[in-house]
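Please read the structure below before turning to the comments.
The values are calculated or read from the model by the stated rules, or taken from the named source; none is laboratory data. It should be emphasised that the depicted structure is a prediction, and the values quoted were computed from it without experimental measurement. Cβ atoms come from the backbone with ideal geometry, glycine included; neighbour counts cover every protein chain shown.
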Amino acid sequence: MPFVYDDIYEFCKNRRFLIDWLQTKGLLGNFNGLCDHCSEGSLHLVEDKSYSKDGVVWRCTNRKCNKKVSVREGSWFSGSHLLLEQIVKLTYYWVYDLPNDFISRELRIGSDHTVVDWKNFSREVCLSILKLDNEKIGGPGRTVEIDESKFGKRKYHRGKRVDGVWVFGGIERETKKCFFEVVEDRSANTLIPIIKKYILPGTTILSDCWKAYSSIESEGYQHLTVNHSIEFKNKETGACTNTIESTWNAVKKSLPKTGTVKSLYDSYLIEYCIRKKYLQNTDDKFTTFLDLVKRVFPCKKRTPLTEVQLNQPTSLSQETLNGSLDLFD
């Protein structure tokens with residue numbers, strides 16, 4: 001069963017249970033075993049509210065050593081001043097694209113800046129996944145539509161001048177896999193290397209008649225064009241770029257409504273690609289994204305816990321618990 005907010009709420013009511021669940025999922029490390037500091041005692045998870053706001057810590061049993069290790073050590077959560085339950089809920093809200101003011105109010109954070117910072121951190125996960133799963137689109141028998149679009153608003157909301165950035169992108173018709181990249185200009189020297197970077201040779205590329213595309217065929221691609229000043233679809237070849245055009249609309253709708261800093265456009269475009277590739281067609285977006293987090297921040301997976309050790313909240317059904325604990329296996 002997919003996670004819903006009631007499940008998140010129940011998980012976060014008991015912090016020790018939440019920590020156990022995150023450790024079982026490999027999102028928090030398990031340091032249980034011989035202490036690497038003294039080599040005499042062993043590390044165990046114990047309650048210690050004086051060490052951190054998490055309320056528990058890995059502590060050495062050797063009193064002469066008494067080494068302590070944060071439960072967040074080496075994890076996605078390390079370095080954040082937020083409570084674990086706040087981070088889990090914030091991530092859930094981000095996955096389902098809820099507004100910053102709603103999140104800061106519900107989590108009693110008090111500042112939208114904290115929410116923005118964590119969302120930026122989540123987009124860094126998207127960037128890492130994009131690098132890990134780097135793959136070109138297209139290939140023989142496949143069709144990719146390419147285009148450029150200006151992102152921004154009219155200067156002072158008047159006239160035709162647009163103050164923003166140019167984005168170059170492409171989408172494969174058959175799979176809807178896509179790529180986007182902010183570009184300084186739309187010259188052939190800029191766009192052709194990006195085409196070769198993202199699109200496999202032998203691909204049929206569809207575009208408008210922008211002069212920078214004139215050498216595409218010499219790069220090992222089939223190239224069909226449509227002259228948008230005359231028609232939306234080439235009557236002879238059937239070439240059109242409707243898919244990439246509609247994709248631009250979707251991308252622009254996904255951007256923050258209050259404006260976007262130019263330096264962050266790449267990160268928002270990457271977020272769009274990850275959402276489209278991994279989250280759009282899954283029944284459980286939240287746990288799917290946590291699975292991506294685990295790939296970027298791998299922690300030593302904890303051994304399975306018994307029901308007594310889990311100390312699960314009574315209001316959380318066993319069916320929901322069993323389903324959630326199996327999601328990453």
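Consider GLU307 carefully, then state whether it is surrounded by fewer than 20 Cβ atoms within 10 Å (Cβ to Cβ), among the acidic types (Asp, Glu) and at pLDDT below 90.
It is true that GLU307 is surrounded by fewer than 20 Cβ atoms within 10 Å (Cβ to Cβ), among the acidic types (Asp, Glu) and at pLDDT below 90.
Starting from residues that are outside any helix (DSSP H, G or I) and touching a helix residue (DSSP H, G or I) at 6+ places or on another chain (Cβ under 7 Å), keep the ones in region 226-262 and report whichever is modelled with the highest pLDDT.
Applying the filter and picking the extreme gives LEU255.
Please determine whether any residue of region 11-19 is without any contact (Cβ under 8 Å) to a residue 12 or more places away in the chain and surrounded by fewer than 16 Cβ atoms within 10 Å (Cβ to Cβ).
So far as region 11-19 goes, no, none of its residues is without any contact (Cβ under 8 Å) to a residue 12 or more places away in the chain and surrounded by fewer than 16 Cβ atoms within 10 Å (Cβ to Cβ).
Which of the residues belonging to region 131-145 are surrounded by 17 or more Cβ atoms within 10 Å (Cβ to Cβ) and either of a type outside the set (A, V, I, L, M) or closer than 17 Å to VAL296 by Cα (or both)?
GLY138, ARG142, THR143, GLU145, listed by residue number.
Are any residues in region 48-79 charged (D, E, K, R) and in contact (Cβ under 8 Å) with a residue 24 or more places away in the chain, and if so, which ones?
LYS53, ASP54, LYS64, LYS67, ARG72, GLU73, listed by residue number.
Quick one: what pairs do we get from region 174-185, first residue on the phi < 0 side of the Ramachandran plot, second in a loop (DSSP other than H, G, I, E, B), C-beta under 7 Å, 6+ apart or different chains?
GLU174/ARG142
Working only within region 211-225, note down all residues that are surrounded by 11 or more Cβ atoms within 10 Å (Cβ to Cβ) and either out of contact with any Asp or Glu (no Cβ under 6 Å at 6 or more places or on another chain) or among the polar types (S, T, N, Q) (or both).
Answer for region 211-225, where residues must be surrounded by 11 or more Cβ atoms within 10 Å (Cβ to Cβ) and either out of contact with any Asp or Glu (no Cβ under 6 Å at 6 or more places or on another chain) or among the polar types (S, T, N, Q) (or both): ALA212, TYR213, SER214, SER215, ILE216, GLU217, GLU219, GLY220, TYR221, GLN222, LEU224, THR225.
List pairs: first in region 94-122 and in a helix (DSSP H, G or I), second surrounded by 14 or more Cβ atoms within 10 Å (Cβ to Cβ) and among the acidic types (Asp, Glu), Cβ under 9 Å, 6+ apart or cross-chain?
ASN100/ASP112; ASP101/ASP112; ILE103/ASP112; SER104/ASP112; LYS119/GLU271; SER122/GLU271
What number goes with the only condition from (1) at pLDDT 95 or above; (2) outside the structural domain of LYS176 (by TED's automatic domain parsing) that TYR265 does not pass?
For TYR265, the failing item is (1).
Considering each residue of region 20-42, count those that are among the aliphatic types (A, V, I, L, M) and surrounded by fewer than 20 Cβ atoms within 10 Å (Cβ to Cβ), and give that number.
Final tally of qualifying residues: 1.
Filter region 177-225 down to the residues that are of a type in the set (A, V, I, L, M, F, W, C), part of a helix (DSSP H, G or I) and farther than 19 Å from ILE270 by Cα and list them by number.
Scanning region 177-225 gives ALA188, ILE192, ALA212.
What about ARG302, is it at pLDDT below 70 and either in a helix (DSSP H, G or I) or among the charged types (D, E, K, R) (or both)?
yes
From (1) of a type in the set (D, E, K, R); (2) surrounded by 17 or more Cβ atoms within 10 Å (Cβ to Cβ); (3) farther than 26 Å from VAL296 by Cβ; (4) without any contact (Cβ under 8 Å) to a residue 60 or more places away in the chain, pick out the condition that doesn't hold for GLU148.
Tallying (1) of a type in the set (D, E, K, R); (2) surrounded by 17 or more Cβ atoms within 10 Å (Cβ to Cβ); (3) farther than 26 Å from VAL296 by Cβ; (4) without any contact (Cβ under 8 Å) to a residue 60 or more places away in the chain, GLU148 fails exactly one: (4).
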